[in-house]
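K.L.:
Before we start, here is the structure in question, set down as structure tokens.
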Amino acid sequence: MLYQFYEAQRAMMSPFAEFASASAKLYTHPLSPFAHAPMAQRMAAGLDLMHRLAKEYEKPEFGIQGVNVGGIDVAVQEQVAVHKPFCRLLRFKRFTDNPEALARMKNQPTVLVVAPLSGHHATLLRDTVRSLLQDHKVFITDWTDARMGPVEAGPFHLDDYIAYVQEFIRHIGADMHVMSVCQPTVPVLAAVSLMASSDEPTPRTMTMMGGPIDARRSPTAVNNLATNKSHDWFENNVIYRVPLNFPGAGRRVYPGFLQHTGFVAMNPDRHLSSHYDYFLDLIRGDEGSAESHRQFYDEYNAVLDMPAEYYLDTIRTVFQEFALVNGTWDVGGQLVRPQDIRSTALLTVEGELDDISGAGQTRAAHDLCTGVPADRRFHYDVPGAGHYGIFSGRRWREMVYPRVRDFISSHRAQHSAPVPARRR
């Protein structure tokens, strides 16, 4: 009943959110007499903040219309390459009439970005995609909000996630590079391992960023919750059925609003301070800072439901049984053996201040991928970066992306020279 109660509350708050938005405009529009009243700016700021706290946040758009390639501006169009019941494989197709840019783009490597299915939409990686498009052909997994998937589509397990990744790799072709951010580092490593064990062609490189390959190392609050509660506790306390007003009515899910509550609860003081700063920015008329706040929370507050089967599988396999690092993970009757990967170069990236995937959790991939030669395995610790800083923002653009770009470039050919990066 919790999901139904939440939906009823959301429906009740929706008119108040719209009223607050309209009222805020009364105190800011130059033709409104209220705009010239004492304390008008403060009233407008308070109402605007009330609107943003009460409104519903829809899935954002990537909104990438163009990118600069070698000093030349080119157009970008979002296309659906593969459509699956629980995911769309998106391609960001670049267009230009400039022959120099066309020649450059034709020879650039292809990257599959596997976005996390862990609460937020794939648009959280907008900055990642925008940077990659300067030097690469880019695909990304756009996972479906489980409440929008009809029950007739059936369940979605962690094994299905792995199968999706393998299908996308085969669709693009082995002459490509795969990048996983946070949660998908584990299923991506499993997918590539299974392909290697079956003597299938594997990607040229794997870049793994801030993920729980071995969640036993430097456990965070996220890891502790998963280990301190039983599997039955999660099934009985955080799994609910989708209400009737969605296409997925009746499907069992881990609701997005519960995940969002957990996100906020990890750093409540930081969010409270951020909203207060937004209020002050509006009073001061600092529209630039206010807009930055809006853009961040438009993304941060937009969450999706996860299929219950997938979520519970992940809790058990990754955070309780540690099946990948223990060598006991069975997928469709086949054991996951990262040591069978031989031709795929590996780069792992961790943030110094990451409070979601602790230090060493991603680097653990090197201890598993023993079949990859040491001169094709690299690790990078990002100074001063938190979890989001390794794939978004200034540190991503100035510190991480150049290393990822050079790593991919140096391993485009099967036997190319190793990239000059910090070696494990």
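K.L.:
Please specify each residue of the stretch 317-362 satisfying the condition of being farther than 13 Å from Val192 by Cα, among the β-branched types (Val, Ile, Thr) and modelled with pLDDT of 95 or more.
P.N.:
Thr317, Val318, Val325, Thr328, Thr348, Val349, Thr362
K.L.:
Further, regarding this structure: Among the residues that make up the stretch 240-253, is at least one of them part of a helix (DSSP H, G or I), without any contact (Cβ under 8 Å) to a residue 40 or more places away in the chain, of a type in the set (A, V, I, L, M) and out of contact with any Ser or Thr (no Cβ under 9 Å at 6 or more places or on another chain)? Before the answer, list the steps.
P.N.:
As a first pass, look at the stretch 240-253 and keep what is part of a helix (DSSP H, G or I): none.
Within the stretch 240-253 (the criterion being part of a helix (DSSP H, G or I), without any contact (Cβ under 8 Å) to a residue 40 or more places away in the chain, of a type in the set (A, V, I, L, M) and out of contact with any Ser or Thr (no Cβ under 9 Å at 6 or more places or on another chain)), the answer is no, since none of the residues qualifies.
K.L.:
Could you pull out the residue among Ala81, Ala122, Ala101 that is over 30 Å from Gly211 (Cα atoms) and either at pLDDT 95 or above or buried (at least 17 other Cβ atoms within 10 Å of the Cβ) (or both)? I'd like the intermediate steps shown before the answer.
P.N.:
Values: Ala81 fails: over 30 Å from Gly211 (Cα atoms); Ala122 fails: over 30 Å from Gly211 (Cα atoms).
Result of the check over Ala81, Ala122, Ala101: Ala101.
K.L.:
A further question on this structure: For the stretch 345-376, give me each residue that is crowded, with 19+ Cβ neighbours inside 10 Å and over 23 Å from the mean Cα position of the chain (by Cα).
P.N.:
Result: Leu368, Cys369, Val372, Arg376.
K.L.:
Right, next: Quickly run through the stretch 143-159 and pick out the residues that are buried (at least 20 other Cβ atoms within 10 Å of the Cβ) and either assigned to a helix (DSSP H, G or I) or not β-branched (Val, Ile, Thr) (or both).
P.N.:
Trp143, Asp145, Ala146, Arg147, Gly149, Phe156, Leu158
K.L.:
Taking the options Ala323, Ala308, Ala290, name whichever one is closer than 30 Å to Pro150 by Cβ and not hydroxyl-bearing (Ser, Thr, Tyr). Walk me through how you get there before you give the answer.
P.N.:
Details: Ala323 fails: closer than 30 Å to Pro150 by Cβ; Ala290 fails: closer than 30 Å to Pro150 by Cβ.
Just one listed residue meets the conditions, Ala308.
K.L.:
If you don't mind, another one. I'd like to check something: does the stretch 320-342 contain any residue that is of a type in the set (Asp, Glu), without any contact (Cβ under 8 Å) to a residue 24 or more places away in the chain, part of a strand (DSSP E or B) and surrounded by fewer than 20 Cβ atoms within 10 Å (Cβ to Cβ)? Don't jump to the end; show me each part of the working.
P.N.:
Residues of the stretch 320-342 of a type in the set (Asp, Glu): 321, 330, 340.
From what's left, without any contact (Cβ under 8 Å) to a residue 24 or more places away in the chain: 321, 330.
Pick out the ones that are also part of a strand (DSSP E or B) and you get 330.
Narrowing the set further to residues that are surrounded by fewer than 20 Cβ atoms within 10 Å (Cβ to Cβ) leaves 330.
Checked the stretch 320-342: at least one residue is of a type in the set (Asp, Glu), without any contact (Cβ under 8 Å) to a residue 24 or more places away in the chain, part of a strand (DSSP E or B) and surrounded by fewer than 20 Cβ atoms within 10 Å (Cβ to Cβ).
The values are calculated or read from the model by the stated rules, or taken from the named source; none is laboratory data. Treat the numbers as computed from the prediction; the structure is a model and nothing was measured. Here the Cβ is made from the backbone with ideal geometry for all residues, glycine too, and neighbour counts use every protein chain on show.
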